[in-house]
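> Sharing a structure with you now.
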């Protein structure tokens, strides 16, 4: 449900004839953000998403190949070379064609046309690709230096001619080396060999290699394509997702049900946390800080490398794996000399400011991480509970309302509750990931421009305000969905209005949080990055690509 166009009457009020519950607990809501003004949605370039299966992959690839072949009047293998050079971005091919012209476009991609070969370095008497020297009955292959009949040699677009046996072995070695684009054997020639000739010669002697090459050429549409990414489902569903037009920094949903970030392939998606920050956060969460409660209770931080240390018996002199000695009682750095009762040159009853500062800094890092991780986990756990436990209860309530046809507002209330539950799950996801972003952005390792210090503090305050408001109303929305009100017209109208209002408020603050990150905070970073646009309705859903076009 959108926070603008799909919101009807976003105010907290009721009909005059609503006798049951009208005006109850209005003061409990606090009134913040309940009057939602509709804003004109900024126009976005539409994004078409296609799920490509093994059966539809040839058709999807041929669609782009045919477009370029017809546009430039070139062969299929030449169109494939051109598209691979431009990572299968047809828009990039069209832009280069308009800016640099056809000859420059093809030359940069190493595409050599037959007519250019005839007017340049090709042999003067070349009757056909199979008979490069029309006036001679035999020709010499300058690889094996054997004479071959006209039907036993092949010539590529570049004009270089060799015997079929040498070509075949060259093709076989190239395929075994994993090459998708096989280049001419001539020294210094970068021309791509004709796929038809390659398949014909390989298929005669090495049919398995011919099939592998065909597989390589098909997979190049995914592996070398900036607009296509494999679905990260496990076990793999066999689909690749293609994005046509719009911003490719977006969240996608495969028909198999898996949602993921199209930019980095992480599943589930992590917006509003940028890809680089999420990769570091995810690695940290699955690393040494996974069991924070146990770490805080049973370890001390090394004063040198700040890694947590567990003491397993022995005296109070502990040695970290980095080589640093420390006192287990106070955590301070010491030497290695000690007796049963004391450590030489060390006394725990004296306060050493510098050592204490290092210990405090290490502890502050742990506490800071704990602050963000706890809130990240709370929203993640709440979302899981609201999906697995609250979700079926809401579905049952919606079915019960839809069956109450005699009550006029029942259908509208059922629709509002369904939209509210989807908004609840989406906002929990956004809030959870927002803490991963905040951990790295505010006081973390991210570098910002020095002159942005004052503006960064203001942007942080704005971000945290929207984060707090979203959290507050998410809890209210969760409580609303967990409360099964009586099935009366007055109660239904109230439940509907509360669901619509809270959904709009939650989506508004989540959207504003996204906007603050993208427009205010990320431009302050020295290493610029971006995030997927906020979509209240969830990730963009991909449609299955038809096997035939």
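All of the numbers you see were taken from the coordinates with simple rules; none came from a lab. Small disclaimer: the values here were computed from a predicted structure and weren't measured. Cβ coordinates were reconstructed from backbone atoms using ideal geometry, including for glycine residues, and neighbour counts include every protein chain displayed.
> Just report the Cα centroid separation between segment 464-479 and segment 398-459, whole Å.
8
> Evaluate the distance, in nm, between pseudo-label points positioned 7 Å from the Cα of residue 267 and of residue 529 along their respective Cα→Cβ axes.
The answer from the label model is 2.2 nm.
> Let me ask something else about it. Residues of segment 423-455 with amide nitrogen under 12 Å from the 7 Å Cα-to-Cβ point of residue 370?
Flagged as within label range: none.
> If we count other beta carbons within 10 Å of each Cβ, what is the order of 230, 88, fewest first?
Least crowded to most crowded, the residues run 230, 88.
> While we're on this one: For a Förster distance of 56 Å, can you work out the FRET efficiency between the beta-carbons of residue 322 and residue 219, rounded to the nearest 0.05? Working shown, then result.
Numbers: r = 45 Å, r/R0 = 0.81.
Given R0 = 56 Å and the Cβ-Cβ separation, E is 0.80.
> Hey, rough spin-label estimate for residue 190 and residue 285, points 7 angstrom out along Cα→Cβ, what's it come to in nanometres?
About 4.4 nm separates the two model spin labels.
> What is the fewest-to-most order of 244, 214, 194 by other Cβ atoms lying within 10 Å of their Cβ? Before the final figure, lay out each step's value.
Working: 244 13, 214 17, 194 20.
With the fewest neighbours first, 244, 214, 194 line up as 244, 214, 194.
> Starting from 0 in steps of 10 Å, tell me what percent of the Cα-Cα pairs of segment 138-295 lands in each bin.
9, 26, 20, 17, 15, 9, 3, 1, 0
> While we're here: How high is the FRET efficiency between residue 73 and residue 395 when r is their beta carbon distance and R₀ equals 56 Å, given to the nearest 0.05?
0.45
> Kirkwood hydrodynamic radius for segment 366-531: how many Å is it when counted over pairs of different Cα atoms? Kindly include the intermediate steps, with their values, before the conclusion.
Details: mean 1/r = 0.0574 Å⁻¹.
Taking the inverse mean of 1/r over all distinct Cα pairs, segment 366-531 comes out at 17.4 Å.
> Quick one: order 71, 217 by neighbouring beta-carbon count within 10 Å, fewest to most. Walk me through the numbers on the way to the answer.
On the way: 71 14, 217 20.
Result, fewest neighbours first: 71, 217.
> Evaluate E = 1/(1 + (r/R0)^6) for residue 381 and residue 143, where r is the Cβ-Cβ distance and R0 equals 60 Å; express this FRET efficiency to the nearest 0.05.
Efficiency, from the Cβ-Cβ distance: 0.35.
> Modelling each spin label as a point 7 Å along the Cα-to-Cβ direction, I'd like the residue 458/residue 102 distance in nm, to one decimal.
5.5
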